[in-house]
2 protein chains.
Amino acid sequence: MASVQDISVSAVINLISALVFLLAFAIARLQPINDRVYFPKWYLKGIRASPRSSGSFVNKFVNLDLRTYIRFLNWMPAALKMPEQELIGHAGLDSAVYIRIYLLGLKIFVPITLLSFAVLVPVNWTSGETLDHIEDLTFSNIDKLSISNIPSGSKRFWAHVVMAYVYTFWTLYILYKEYKKISTMRLDFLASEKRRPDQFTVLVRNVPPDPDESVSKHVEHFFRVNHSDHYLTQQVVYNANKLAKLVEKKKSNHNWLTYYQTKYERDPEKKQKIKTGFWGLCGKSVDAIDYYTTEIEKLTKEEAEEREKVKSDPNAIVSAAFVSFNSRWGAAVCAQTQQSRNSTIWLTEWAPEPRDVYWDNLSIPYIQLSVRRLLMAVALFFLTFFFMIPIGFVQAFASIDGIRKVLPFLKPLIDMDFVKSFVQGFLPGIVLKIFLILLPMILMIMSKIEGFTSLSSLDRRSAAKYHLFVIVNVFFGSIITGAAFEQLDRFLHQSPTEIPKTIGVTLPMKATFFITFIMVDGWAGIAAEILRLVPLIMFHIKNTFLVKTEHDREEAMDPGSLNFSVSEPRLQLYFLLGLVYSVVTPILLPFIIIFFAFSFMVFRHQIINVYDQKYESGASFWPDVNRRILIGLVISHLLLIGLLSTKDASQSTPLLIVLTVLTIWFHKFCKGRFESVFVKFPLQDAVVKDTVERTTEPNFNLKEYLQDAYLHPVLKGVDFEVLKELDDEEKNSLVATKRTSRRSSKTVSNGTSEDQKMVSEIQLVF
Amino acid sequence: MASVQDISVSAVINLISALVFLLAFAIARLQPINDRVYFPKWYLKGIRASPRSSGSFVNKFVNLDLRTYIRFLNWMPAALKMPEQELIGHAGLDSAVYIRIYLLGLKIFVPITLLSFAVLVPVNWTSGETLDHIEDLTFSNIDKLSISNIPSGSKRFWAHVVMAYVYTFWTLYILYKEYKKISTMRLDFLASEKRRPDQFTVLVRNVPPDPDESVSKHVEHFFRVNHSDHYLTQQVVYNANKLAKLVEKKKSNHNWLTYYQTKYERDPEKKQKIKTGFWGLCGKSVDAIDYYTTEIEKLTKEEAEEREKVKSDPNAIVSAAFVSFNSRWGAAVCAQTQQSRNSTIWLTEWAPEPRDVYWDNLSIPYIQLSVRRLLMAVALFFLTFFFMIPIGFVQAFASIDGIRKVLPFLKPLIDMDFVKSFVQGFLPGIVLKIFLILLPMILMIMSKIEGFTSLSSLDRRSAAKYHLFVIVNVFFGSIITGAAFEQLDRFLHQSPTEIPKTIGVTLPMKATFFITFIMVDGWAGIAAEILRLVPLIMFHIKNTFLVKTEHDREEAMDPGSLNFSVSEPRLQLYFLLGLVYSVVTPILLPFIIIFFAFSFMVFRHQIINVYDQKYESGASFWPDVNRRILIGLVISHLLLIGLLSTKDASQSTPLLIVLTVLTIWFHKFCKGRFESVFVKFPLQDAVVKDTVERTTEPNFNLKEYLQDAYLHPVLKGVDFEVLKELDDEEKNSLVATKRTSRRSSKTVSNGTSEDQKMVSEIQLVF
């Protein structure tokens, strides 16, 4: 158990490492050579051009203006400066609402912290009876400020119960206000949006086969009959998965070709040879440039054939379609109603926006979907509770004995002292770490198997799975040490009243652990996020070998995006910790507040300057966020009940159960009150928007506008070759504008980031 | 523990009492004087008239034709004769589907019984190791046929596990088929129905207040804008609760007036006096006929005033309305979509049919509704688990000592031996019995407080509450003796794996108790149902004192109806018992089969000849029935797991958990596959019906047809006085038809019931 000194030391270490990251970031971002790593969002918006194209040779790579280094932290006020409304326009509602989660954390925990330090800390501190005379290693000064310091059966526990009430009501109040605010933001966002194809379109799945008609005709007839006044057009879905793979492969080959061509240009003497066999390790050695040129030619031909086949073969059409209506009202009605008496066919739902569609999952029959969900639910259960078993096997295999047995020829190697200590010391940890890094990917694959049809819903589902994993394996796993399946076993053999006691009693002792965790994962981790080390390195590698044109440089730029499926559940852990410890060990709260404040600034900076979202779902994840915070609240109540009943204060149990019931009721209330805003589209709003549009643009040809909106991206011919040509054409016509922006961006790169922001903002407004 | 002999004795006793009821029924129903008690359905349909109006004086009251008595059981084949399609037309889909639940019981349990007797009974019987040498009172011959007879750790338990699989899959298969069949029946029923106001109408609740417009105008404007092509008309809801009470009071006074007039006519000498005070016990003595005549005059005036007030006062209009559309498509769309961005106002739902509307609940605001549901959920919890506490108090009060203390003046009375033994022996039981009789009413009041807007949904909600009560207090309460709150306490302090063991181990011992229960409650209870003792007595009392006109006689007739909220949860207990004991003690199954078969016949007879449903919901209760049977199946798995793990066969646990998971998945699957049929109305069907109607009746004035469909019944002027006048008029015009039906019904009452049925059927066809 760590004392105040230990915590201080840890805090200092982590603060220093966070500062190092921040300094590194401050320096790296001012170098023109890194400009595309730290400001990709502005490049993508087309209002920032490379600062490298002007100035002296050295200035192209290194920023020599020392004045700019002094104010190395002033990205922070800059990040806070953009008003929210502008932020929504700039980065989308998803991002703007996402960073509001951090703000929500501040809104909830700042008053709670103040109250805790005003009320609970004195109550705990002055009750110095229990721990003073226990000379035990498991207690430290920190515990004097926690509930552990209060003797069993004390009347002082009433203070904690009252505070649990105050905190719960405060949290619910803030959550209610926030939910209301966000639902209004969403509706305003949807209302203020420009015309978008998904506003008029409904995704129809499980189109039943018809022996006499093609899918296309069948869909058209069905909707012409059942939505006679509103049907406009439809777009069938082609199974273009094979084609997409060919395009992907061609692109990869093209990259290799560029790589070898670049190498050849730099050193024309050396012949570029590759081997054609497995992973370039074996097989015949051929000239690389020739090889890739012929490969690309071959693939181009194959691709053209496949493209023809997809468009002409009726079997390439899957049993799904995007049906468009002549008004938002018609689409809203179709999305919300049941079409057929068999509720497993003609399933309609609001179409995701075109770039949000996950094409592979559009044609899964209902019964198969149902079976897939069952299997994935079972798999998730085993993954959450039993993942340590296969990891244990691999770890056993990765031990000295394991390697000796299975790979005897490695024996001389592993008998070396250095290798031995590495294998013993690091390998098991690395195996676990690799699994944890792979986990989000595994969960995403599971969500894909479950058959969701949009990237946003896939993200939300993966987040739900990851949240379960985090609660079970990080939160409970840290409190009750032991693998999850051991916990599960223990819980199965304990009574429901015993479980909260078991956890509750160890709760105060784990406070220092979680404080350290917050500093390592929360503070230093977030500071590392802003440095973007991996994209930085990747960009420079690509820049060196693959970039020939401006378009290639655009491609090499990896703005990344908010990874909702991972970051949101992690973030929820901090809410959970805050809520659980707000009554038990209030000293933990300031650490959480710093986390929320710091993350808020970092992510606000990132979404303004870096991230480029892959889709825009209009904050449809908010019901999940709200629910998970409420889950945290319920867990905090149950653990407090357990803790107090081990402290001879079990008469408070009914009082706290009332809070739990209230919280669950609040969840139901919020669900009924707000959730439909995130799922349905109210007809009133649809009518308003339709009417406005009909008045302002009476002659707009909607059918033409929607014609190809929902074509599979590879069929649109938007593969990289076409893009490149477009890019070249664009360049010529846009030379003048680019020049101006280059000139202004020169000022940008030499000025402070605050100035940069201002300039960019002005550019944005114009 | 009862032996086979005990069971046989009990079976004989119950069979005899059932036979006595059946004989009494057979005799009573043949008496012309009872004709309106046993065949009210046909009277209400207007195709049967009283057999008392012809024949000799004695024949009017007693059936002297001895031949008809011989075949006293032939109502049974008659009950089975009507084909299902005709039954739906005759009694409605609700009733026809309700009796299919009994049929479902037979479909599930007959094959299970056969298999059990072919496989499990021999397996249990031949394993005579355990119980032979235990000379214990708790085991009997019956246990030799049960799982108790198999020694711990025996390989024979595999037979039980395999059978659990077979039974579960069979049950799920039958449930799936039945759900499919019933959803088709529902859709066909809805499709084949004649034009009905609710097909075009949507109930709109929580109309927001508007300072400038009346509710009526506000509703009209809102829907004219948002459903411009489909809106037809609307009907606001008046708060006519006070008026309804006045009408009710007037009717009651009218009954008393008739009563005293009849008495006066019989004995004109005696003056009819009543006291005007509390319950007629004190106050001034006045002439009864004068008193009621003036009372009725006064009430008539008050009623007229109130009627005027309701129609003119804008405050009497509540914030709800029935909005009608010009097509079924329009109504279906409006019912299924969200209207406003605030999802707590302008709530639309499919309107219940006019007689199904529960008028009092139409204007509850959303937040209040939400609070009410929370309070009722808490109340239900306490009612289910802690109802024994207040009952215990009352019982303590109702004991000798309690009475002595509180009512000392009764001391001489209760010191009498007879009174003493009565108080000691019966009073506690009677207190409990009174509570159990009141329980359905209490649950119905709770459902009403929850704010449901139709009688059918109130019934479904009450049934759900009653089902919980039956499972906890009857099923688990009988297995683990002790009050429910003691069970709850025990479960809270036992581990989740321990609970099924505790129950599982006592399961086989309780088999004989449940067999007796089935015979008493199931066999004799159902036989008592058909005798209709209470309606029989009530009818004769009313007939003697209140009936003056034919209409009065019609009023005195109480056809009753299927009380879904009580009978369905009770019925579910038999499914639960059958599923639980199918593997454990198969000898119980034949008793359940007899129950289902006998009930099927009785209720088929009742819905053909007696019951008159208050509403028609189109079998919308089926999802509940399906879910509850699945709950029974899951309980049976969990108890089997518990039982087997006490028998050293816990290696079967994972296998049985697979079954549980499968069952829960099946529930979800069914919900997705079928439930929307019971909640929504598919647009395809709406379009078909609209098109047909538009073609066949292009000039139908729908607006006029719908104008007053959803007026509060008391505002329609359909109070009894008006009816009486109508009745008199009708009589004159319908004399001829009545005559013929009387003649034919004379044959009916003299003939056998089979003949009766045939005649009635012929009348029905014509």
Next on the checklist: Given the criterion over 29 Å from A:LEU106 (Cβ atoms), modelled with pLDDT of 90 or more and among the hydrophobic types (A, V, I, L, M, F, W, C), identify the matching residue among A:LEU203, A:LEU232.
Outcome noted: A:LEU203
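Residues checked against (1) under 30 Å from the mean Cα position of the chain (by Cα); (2) under 21 Å from B:LYS250 (Cβ atoms):
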| position | (1), (2) |
| --- | --- |
| B:GLU306 | no, yes |
| B:LYS311 | no, yes |
| B:THR337 | no, no |
| B:ILE345 | no, no |
| B:VAL357 | yes, no |
Checklist entry - Given the structure, is B:THR512 at negative phi and within 14 Å of chain A (Cβ to nearest Cβ)? => result no
Checklist entry - Which one of the conditions (1) open to solvent by 10 Å² or more (accessible area, probe 1.4 Å); (2) without any contact (Cβ under 8 Å) to a residue 40 or more places away in the chain; (3) within 28 Å of the chain's Cα centre (by Cα) does A:ILE479 fail to meet, given that it meets all the rest? => result (1)
Next on the checklist: Of everything in the stretch A:449-458, what is open to solvent by 20 Å² or more (accessible area, probe 1.4 Å), under 22 Å from A:THR348 (Cβ atoms) and in a helix (DSSP H, G or I)? Give them in sequence order.
Outcome noted: A:LEU455
Checklist entry - For B:SER54, all conditions in the list (1) open to solvent by 60 Å² or more (accessible area, probe 1.4 Å); (2) at pLDDT below 65 hold save one; what is the number of the exception? => result (1)
Next on the checklist: Any residue in the stretch A:338-367 that is of a type in the set (Asp, Glu) sitting within a Cβ distance under 8 Å of a residue that is open to solvent by 40 Å² or more (accessible area, probe 1.4 Å) and modelled with pLDDT of 85 or more? List the pairs, counting only those 6 or more apart or interchain.
Outcome noted: A:ASP356/A:LEU455; A:ASP360/A:LYS448
Next on the checklist: Out of B:PRO535, B:PRO508, I need the residue that is modelled with pLDDT of 80 or more and surrounded by fewer than 24 Cβ atoms within 10 Å (Cβ to Cβ). Which one?
Outcome noted: B:PRO508
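Going through the stretch A:639-658 one residue at a time, which ones are within 13 Å of chain B (Cβ to nearest Cβ) and in contact with a Ser or Thr (Cβ under 9 Å, 6 or more places away or on another chain)?
A:ILE641, A:GLY642, A:SER645, A:THR653
Let's see how each residue does on (1) of a type in the set (S, T, N, Q); (2) within 14 Å of chain A (Cβ to nearest Cβ); (3) assigned to a helix (DSSP H, G or I):
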{"position": "B:ARG460", "(1), (2), (3)": "no, no, yes"}
{"position": "B:LYS465", "(1), (2), (3)": "no, no, yes"}
{"position": "B:PHE491", "(1), (2), (3)": "no, yes, yes"}
{"position": "B:GLN494", "(1), (2), (3)": "yes, yes, no"}
Next on the checklist: If B:VAL547 satisfies all but one of (1) of a type outside the set (Asp, Glu); (2) assigned to a helix (DSSP H, G or I); (3) more than 14 Å from the chain's Cα centre (by Cα), what's the number of the condition it fails?
Outcome noted: (2)
Next on the checklist: Suppose the filter is among the hydrophobic types (A, V, I, L, M, F, W, C) and within 12 Å of chain A (Cβ to nearest Cβ); does B:VAL378 pass it?
Outcome noted: yes
Item to check | Residue selected from the stretch B:475-489 under the condition at pLDDT below 75 and in contact with a helix residue (DSSP H, G or I) (Cβ under 7 Å, 6 or more places away or on another chain), by the criterion nearest to the other protein chains (Cβ to nearest Cβ) | outcome: B:LEU488
Checklist entry - Has the stretch B:309-318 got any residue that is in a loop (DSSP other than H, G, I, E, B), charged (D, E, K, R) and either within 8 Å of another protein chain (Cβ to nearest Cβ) or open to solvent by less than 20 Å² (accessible area, probe 1.4 Å) (or both)? => result no
Checklist outcome for this item: Within the stretch B:206-240, the residues that are within 13 Å of chain A (Cβ to nearest Cβ) and outside any helix (DSSP H, G or I) are B:ASN206, B:PRO208, B:HIS227, B:SER228, B:ASP229, B:HIS230, B:TYR231
Checklist entry - For the stretch B:615-712, list the helices (runs of 4 or more DSSP H) that sit wholly inside it and hold at least 1 residues that are free of Cβ contacts under 8 Å to residues at least 60 places away in the same chain, open to solvent by less than 20 Å² (accessible area, probe 1.4 Å) and over 29 Å from B:SER561 (Cβ atoms); which are they? => result B:653-670
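Name the residues in the stretch B:332-371 that are away from chain A (no Cβ under 11 Å) and assigned to a helix (DSSP H, G or I), would you? First the steps, then the outcome.
If we filter the stretch B:332-371 for residues that are away from chain A (no Cβ under 11 Å), which is where we start, we get B:349-365, B:368.
The answer is B:PRO354, B:ARG355, B:ASP356, B:TRP359, B:ASP360, B:ASN361, B:GLN368.
The values are calculated or read from the model by the stated rules, or taken from the named source; none is laboratory data. Quantities reported herein were computed from a predicted structural model and do not represent experimental measurements. Please note: Cβ atoms are built from the backbone with ideal geometry, for glycine as well, and neighbour counts cover all protein chains shown. Note: areas computed on protein heavy atoms with side chains; ligands, DNA, RNA excluded. Shrake-Rupley method; radii C 1.70, N 1.55, O 1.52, S 1.80 Å.
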